[in-house]
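Handing you this structure, nothing more for now.
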Amino acid sequence: MYLKSIFLGCLSFALTSLHAQDRTGFIHATMQENHAVELFHQFPQLIDIIESKNQLSAVYIHPDATHELHQKILSHGPGFIFHPDKQQAIQALDQPVGKWMNVTNYTLSESSFVYKAIDDVKADRIKEVMLILENFGTRFHTDPKANLAVQKVKELWEELIAISGRTDIHVRIINHVNTPMKSVVLTIDGNEKADEYVIIGGHLDSTAPDKTNAPGSDDNASGIATITEVIRVLLSHDFMPQRTTEFMAYAAEEIGLVGSKEIATTYKNQEKNVIAYVQFDMTNYQGSVEDIFITTDSYNNNDLNLYLIDLMETYNKTGKHALTYNYTKCNYGCSDHHSWAQKGYPTAFPFEASFSESSPYIHTASDRFTIVGHADHAAKFSKLGLEFVIEAAKTSNKMSLTNIHYKNQAKFYNDNQFLTIQLTNQSKVHTIKVIDAAGFTHLSKEYLASTKLDIRSLKSGFYIAILTDQLGETFTHKFRVY
Ligand SMILES: [Zn+2]
């Protein structure tokens, strides 16, 4: 209630101070058509709907209305994408989202390295970085403190490189056209497939009604600290990827995905082949029962979502790294991965909770580390980040490829009618279920008597079979039904 009154207060100020003709501070943006219409009904002075198409609207909007969009319509903002002018906003209505350029066969083969890496994740290191970023007071994109934070992240990452003694890893600063804030990118060149990119990103900026008091701890110091821990662990294990691996901290997400949009556009224009993009935005508030929420918005890539599920089923099912997952939705313009999806790259966005149960403190002066007081939840995302990077980018050290005993114990054969299972460890199938990328269970069997699972009821598409044997070991297998 307290939070709502802040936003309503802020809006009524805007409403009384704006004349119909006064368009100071208005920006061009695109958003879901139903959101634009709802905003127009509530605040006609704060939004003009220019054109609607494909369930999207190009709008001319005052940023105060976007607070309302964040609070009332979405659980996580901004919920819109900034465009520098009217023409580009209208053009964006035609951009297909969810038409991926690449089809990559994501595989698992790096288990020994993954286990060593996730053993090393330290919540206290994540906490340290979160506090450093929160202590800037604000990282709002036009505040000079935002670029001090950019400089600090660059230094932190360079320090990790220096400790590793590596000379083949570089950090660069990226200047933007539509914000004074800069972005930071760390690159580990691929040893074998340098032209293929695996990327994890998150935004470094923050926002709140009072732009000078926007600590942005969960949103999104947590994501940047989670990424920094992934980098630290990878470098401490001398990670040499086959594919080029990059980590990005973006400028100005909160005002319409500005930094990521410019970078994704550059990558597309340079025809860079990003085979997988994962976003970390809000990782430390455990608002739901389950740990990690896979977002199933249509612009995310089903294959990549299945890959994250496969990773969690393989590495996080039992033992000290065990975690649970579930599914949620985030809507249009939800975070920076949308910028990459719009350029045709496969994206996924694992999130801290279901959207209705995620941190209620974000975009306020109360988004502080003390709300949670530790970084145990974010540490789970660092583990998933390590699993993703190591498996998607692959180590170029061939030795690690020979160490796959874990995956060798179960073999699956699919002839489009039956999924035949062979367990090489003499064990029997205890349970088996088949799910799709949205988490829907299509088949589920216990004590499967034969080694064949009838899959004739499945429609064409990709699925994951999750099998537990009598010894409690879990195996996953992605397959396609034609
Ligand atoms: Zn955010």
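So in segment 154-195, with the set limited to residues that are within 21 Å of residue 386 (Cα to Cα) and within 19 Å of the chain's Cα centre (by Cα), which one is nearest to the ligand (Cβ to nearest atom)?
By that ranking, first place goes to 184.
Quick check on this structure: which one of 427, 457, 450 is at pLDDT 80 or above and either open to solvent by 70 Å² or more (accessible area, probe 1.4 Å) or more than 22 Å from residue 326 (Cα to Cα) (or both)?
Answer to the selection: 457.
Further question on the same structure: May I ask you to say which residue of 314, 266, 318, 295 is of a type outside the set (A, V, I, L, M) and without any contact (Cβ under 8 Å) to a residue 12 or more places away in the chain?
Result of the check over 314, 266, 318, 295: 266.
In segment 138-178, what residues are open to solvent by less than 60 Å² (accessible area, probe 1.4 Å), part of a helix (DSSP H, G or I) and either of a type outside the set (Ser, Thr, Tyr) or within 30 Å of residue 83 (Cβ to Cβ) (or both)?
146, 147, 149, 150, 153, 154, 156, 157, 160, 161
Considering only residues of segment 201-217 that are open to solvent by 10 Å² or more (accessible area, probe 1.4 Å) and under 15 Å from residue 136 (Cβ atoms), which is nearest to the ligand (Cβ to nearest atom)?
Within segment 201-217, the match that is nearest to the ligand (Cβ to nearest atom) is 207.
May I ask you to say which residue of 226, 212 is more than 27 Å from residue 120 (Cβ to Cβ) and not in a strand (DSSP E or B)?
Of the residues listed, the single one that is more than 27 Å from residue 120 (Cβ to Cβ) and not in a strand (DSSP E or B) is 212.
Looking at segment 141-170, I want the residues that are under 9 Å from residue 181 (Cα atoms) and have a partner that is basic (Lys, Arg) with Cβ atoms under 8 Å, at least 6 apart or on another chain. Which pairs are those?
From residues that are under 9 Å from residue 181 (Cα atoms), the pairs are 142/211; 143/211; 146/139; 147/182; 150/182.
A further question follows. Considering segment 278-307 alone, what residues qualify as being within 16 Å of the ligand (Cβ to nearest atom) and either surrounded by fewer than 23 Cβ atoms within 10 Å (Cβ to Cβ) or outside any loop (DSSP other than H, G, I, E, B) (or both)?
278, 279, 287, 293, 295, 297
Right, here's the next one. Considering only segment 329-356, how many residues are open to solvent by less than 10 Å² (accessible area, probe 1.4 Å), aromatic (Phe, Trp, Tyr) and in a loop (DSSP other than H, G, I, E, B)?
Counting residues in segment 329-356 that are open to solvent by less than 10 Å² (accessible area, probe 1.4 Å), aromatic (Phe, Trp, Tyr) and in a loop (DSSP other than H, G, I, E, B) gives 2.
On to the next question. Read through the list (1) at pLDDT 95 or above; (2) closer than 21 Å to residue 352 by Cβ; (3) within 16 Å of the ligand (Cβ to nearest atom), then give the number of the only condition that residue 324 fails.
Among (1) at pLDDT 95 or above; (2) closer than 21 Å to residue 352 by Cβ; (3) within 16 Å of the ligand (Cβ to nearest atom), residue 324 violates only (3).
Let me ask something else. Which of the residues belonging to segment 228-257 are among the β-branched types (Val, Ile, Thr) and either within 13 Å of the ligand (Cβ to nearest atom) or surrounded by fewer than 24 Cβ atoms within 10 Å (Cβ to Cβ) (or both)?
244, 255
Tally up the residues in segment 173-204 that are touching an Asp or Glu at 6+ places or on another chain (Cβ under 7 Å) and either under 26 Å from residue 162 (Cα atoms) or not assigned by TED's automatic domain parsing to the domain that holds residue 271 (or both), please.
Of the residues in that region, 11 qualify.
Also: Going by what's in this entry, would residue 333 be described as without any contact (Cβ under 8 Å) to a residue 12 or more places away in the chain and assigned by TED's automatic domain parsing to the domain that holds residue 139?
For residue 333, the condition - without any contact (Cβ under 8 Å) to a residue 12 or more places away in the chain and assigned by TED's automatic domain parsing to the domain that holds residue 139 - is not met.
Do you know which residues across segment 241-285 are among the aromatic types (Phe, Trp, Tyr) and either in contact with a Cys (Cβ under 9 Å, 6 or more places away or on another chain) or more than 13 Å from residue 82 (Cβ to Cβ) (or both)?
247, 267, 277, 280, 285
Next question. Within segment 252-266, can one find any residue that is modelled with pLDDT under 95 and part of a strand (DSSP E or B)?
Checked against the condition, which is being modelled with pLDDT under 95 and part of a strand (DSSP E or B), segment 252-266 yields no hits at all.
The values are calculated or read from the model by the stated rules, or taken from the named source; none is laboratory data. Note that this is a predicted model, so its numbers are computed, not measured. For neighbour counting, all protein chains shown are included, and Cβ atoms are generated from backbone atoms with ideal geometry for every residue, glycine included. Heavy atoms of the whole protein, side chains included, go into the accessibility calculation; ligands, DNA and RNA do not. Shrake-Rupley method; radii C 1.70, N 1.55, O 1.52, S 1.80 Å.
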